[in-house]
Amino acid sequence: VTFVERDRRALAVLRQNVEACGVADACAIIAGDFLGLSARRRDLETFTLALLDPPYDCRDLEAVLTEARGLLAPSGTLVLEHSRRRAAPDGAPGLTRRRVVTAGDSALAFYTPAAQTG
């Protein structure tokens with residue numbers, strides 16, 4: 001599991017949690033902003049599942065999706081958590097939204113690479 005977090009307090013809690021769960025050796029924690037990550041970190045692998053939880057006041061969800069697309073495997077799925085009061089983008093370059101599930105004030109939008117069917 002690779003975590004990307006910019007908030008110092010959240011990073012401290014995250015580090016404590018992975019240690020307490022005994023999974024620190026199986027996790028990578030990157031301190032910093034997600035946008036621009038793939039340009040800064042060429043050593044990142046691609047992922048079959050990416051869970052994105054940007055701040056609910058994020059102004060450019062499409063930019064977040066576009067950045068994540070570069071890290072997604074061809075058969076991967078990307079899940080974007082967002083406020084249900086704000087619609088998730090229909091897609092982004094190379095991504096197509098497949099469905100949205102809402103629960104309370106939150107929603108999860110599921111995306112796959114545009115060429116992927118199903």
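The values are calculated or read from the model by the stated rules, or taken from the named source; none is laboratory data. In this text the structure is predicted, and so the values were computed from the model without any measurement. When we count neighbours, we look across all protein chains shown, and the Cβ atoms used for this are built from the backbone with ideal geometry, even at glycine. Remember, those area values only see protein heavy atoms, side chains included, never the ligands or the DNA or RNA. Shrake-Rupley method; radii C 1.70, N 1.55, O 1.52, S 1.80 Å.
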May I ask you to list pairs of residues, at least six apart or on different chains, whose Cβ atoms are under 7 Å apart, with the first in region 85-99 being among the polar types (S, T, N, Q) and the second being open to solvent by 50 Å² or more (accessible area, probe 1.4 Å)? Thr96/Ala114
Hey, does region 30-39 have a residue that's among the charged types (D, E, K, R) and at pLDDT below 85? yes
Where a residue in region 69-82 is touching a residue at least 24 places away in the same chain (Cβ under 8 Å) and its partner, wherever it lies, is of a type in the set (Asp, Glu), with Cβ under 6 Å and at least six apart: Glu81/Asp53
Residue in region 1-38 that is nearest to Arg69 (Cα to Cα), counting only those that are among the charged types (D, E, K, R) and open to solvent by 80 Å² or more (accessible area, probe 1.4 Å): Arg6
Six or more apart or on different chains, Cβ under 7 Å: which pairs go from a residue in region 1-14 that's free of Cβ contacts under 8 Å to residues at least 60 places away in the same chain to one that's surrounded by 16 or more Cβ atoms within 10 Å (Cβ to Cβ) and assigned to a helix (DSSP H, G or I)? Could you list them? Phe3/Leu14; Val4/Leu37; Glu5/Leu11; Glu5/Leu14
Is it fair to say Thr46 is surrounded by fewer than 18 Cβ atoms within 10 Å (Cβ to Cβ) and touching a Leu at 6+ places or on another chain (Cβ under 7 Å)? yes
Check off (1) within 20 Å of Ala10 (Cβ to Cβ); (2) open to solvent by less than 40 Å² (accessible area, probe 1.4 Å); (3) at pLDDT below 90 for Tyr56 and give me the number that stays unchecked. (2)
Could you check region 80-111 and list, in sequence order, the residues that are hydrophobic (A, V, I, L, M, F, W, C) and surrounded by 15 or more Cβ atoms within 10 Å (Cβ to Cβ)? Leu80, Ala88, Ala92, Leu95, Ala107, Leu108, Ala109, Phe110
